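Novice: A single structure is presented below for examination.
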Amino acid sequence: MHEIFTTRHNPHIDPSMTMWGWEIPVYLFLGGMVAGMMIIAGYFLFSGRHKESNCSCYSIPFTSFILLSAGMLALFLDLSHKPYVWRLYTTFQITSPMSWGAWILLLVYPALIANIIIRPPSWMTKRIPKLVDVSGKIQAHPFLVKNIGILNMILGMMLGAYTGVLLSTMGARPLWNTSLLWVLFLVSGLSTAAAYVHLVAKNKAESELLAKADNGFLVVELFVMVMLFLGLLSSAGPHIEAAQLLLSGPYAPAFWVFVIGLGIVIPLGIQLLAVNHKIKHTPIAPIMVIVGGLILRFVIVSAGQYSHWFNAHFK
């Protein structure tokens, strides 16, 4: 007589795998938003917009530093073996998304600090007077400023893509198992970052520019979602069932109402009217975009854990 051992009755596995809580979607959201802010700030440095005293490229790197640290804290809280996190930096595994992510996150901090030092805030120069001299030397070399901008854009794109690659390489979850997930997360990160800069920018022309850019990102985000679902719906049964979780299943209300409706379509309509000077710019639209980006991560992470490769008669 043979005995069969199974983990199906483990509360974390049956009826669905729910090993990740709120920490991972928060980390993915903050990481994606920081990635978008690095790309925007880097572009402003590269294009010469940093010459304007009220350029947001001097404020958002410090905000990015804080948000990324908060995201890293959320990720740390999710770890099961916290005392051994340092071991990630004793090796580099080229085939491991986790290893890539650990090193990308480590490189992002120096890039952000370099951006901050170009024109550090007054409270920093009061505490560290030497920063004034360092800042002056950097600004005296436009080529160096441009290269700091390029570095921020490259690392921003790598960070934004990594947040999606981290999930898409997990083939056991059909909803995540798509090559377009990293594109979706990167574009969504750019959209939430543009919405934030549009919200806080002191330069009116810059704020308008970011509102127009955000409209473009939102359109691209919708397109990527359509392509992602077409890919899932034209694949195997488990992929189709995974897509239905969002389109008509238990996650459909949150997806259609908060992600598509309140997170993309409505703010896109408001901002289209605003940039065409039909109505005044309002903080409501960018706030909706940011909240929608956060809910997108929660929905994707939660529904992805619910998706599986078992057909209904195997449950």
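The values are calculated or read from the model by the stated rules, or taken from the named source; none is laboratory data. Bear in mind that the values here come from a model prediction, so they are computed numbers and not experimental data. Virtual Cβ from ideal backbone geometry, glycine too; neighbours counted across all protein chains shown. Side chains are part of the model used for accessible areas, which takes the heavy atoms of the whole protein and leaves out ligands, DNA and RNA. Shrake-Rupley method; radii C 1.70, N 1.55, O 1.52, S 1.80 Å.
Novice: Take the alpha carbon atoms of region 100-151, find their center, do the same for region 33-52, and report the distance between the two centers in whole angstrom.
Specialist: Taking the Cα centre of region 33-52 as reference, the centre of region 100-151 is 13 Å away.
Novice: For the chain, what is the calculated [θ] at 222 nm in deg cm²/dmol (nearest 500), taking -39500 (n - 2.57) for each run of four or more DSSP H residues and dividing by its residue count?
Specialist: Result for the chain, helices only: -22000 deg cm²/dmol.
Novice: P(r) for region 124-224, please, calculated from all Cα pair distances in 10 Å bins and given in %.
Specialist: Taking every Cα pair in region 124-224, the percentages come to 14, 26, 32, 18, 8, 1.
Novice: Now a separate question. Mind ranking 286-292, 29-35, 237-243 by how tightly packed they are, going by the mean number of other C-beta atoms within 10 angstrom, highest first?
Specialist: In descending order of packing, they fall as 29-35, 286-292, 237-243.
Novice: Taking region 119-166 on its own, what percent of its Cα-Cα pair distances exceed 14 Å?
Specialist: 64
Novice: Mind listing the phi-derived Karplus ³J(HN,Hα) values for region 240-248, rounded to whole Hz, using 6.51, -1.76 and 1.60 with θ = phi - 60°, and x for any glycine or proline?
Specialist: Once θ is set to phi - 60°, the couplings for region 240-248 become 5, 5, 5, 5, 5, 4, 8, 7, 8 Hz.
Novice: If you don't mind, there's one more thing I want to ask. Can you tell me the relative contact order of the chain? Whole percent, Cα pairs under 8 Å, sequence separation 6 or more.
Specialist: That works out to 23 percent.
Novice: State the percentage of accessible surface on the chain attributable to carbon and sulfur atoms; use a 1.4 Å probe and exclude ligands, DNA and RNA.
Specialist: Accessible surface attributable to carbon and sulfur in the chain totals 71 percent.
Novice: For a distance above 22 Å, tell me the whole-number percent of Cα pairs in region 210-283 that qualify.
Specialist: Summing the P(r) tail past 22 Å for region 210-283 gives 35 percent.
Novice: Would you pull out the residues with amide H under 5 Å of Glu52's amide H, same chain only if 5 or more places away, H placed 1.01 Å from N?
Specialist: Residues meeting the amide H criterion: none.
Novice: I need the P(r) histogram for the chain: all alpha carbon pairs, bin width 20 Å from 0 out to the longest distance, whole percents.
Specialist: 31, 54, 14, 1, 0
Novice: Right, next: Anyone know which of Ser80, Ser47, Ser207 comes out most mobile in the 10 Å Cα GNM of the chain?
Specialist: Between Ser80, Ser47, Ser207, it is Ser80 that shows the largest mean-square fluctuation.
Novice: Follow-up question, since we're still on this one. Averaged over every viewing direction, what's the projected area of the C-alpha convex hull for region 63-113? Give it in nm², one decimal, please.
Specialist: For the Cα atoms of region 63-113, the hull's average projected area reads 3.9 nm².
Novice: Let me confirm the definition first: pairs of Lys residues in region 172-315, 8 or more apart or on different chains, C-alpha distance under 25 Å. How many are there?
Specialist: 8
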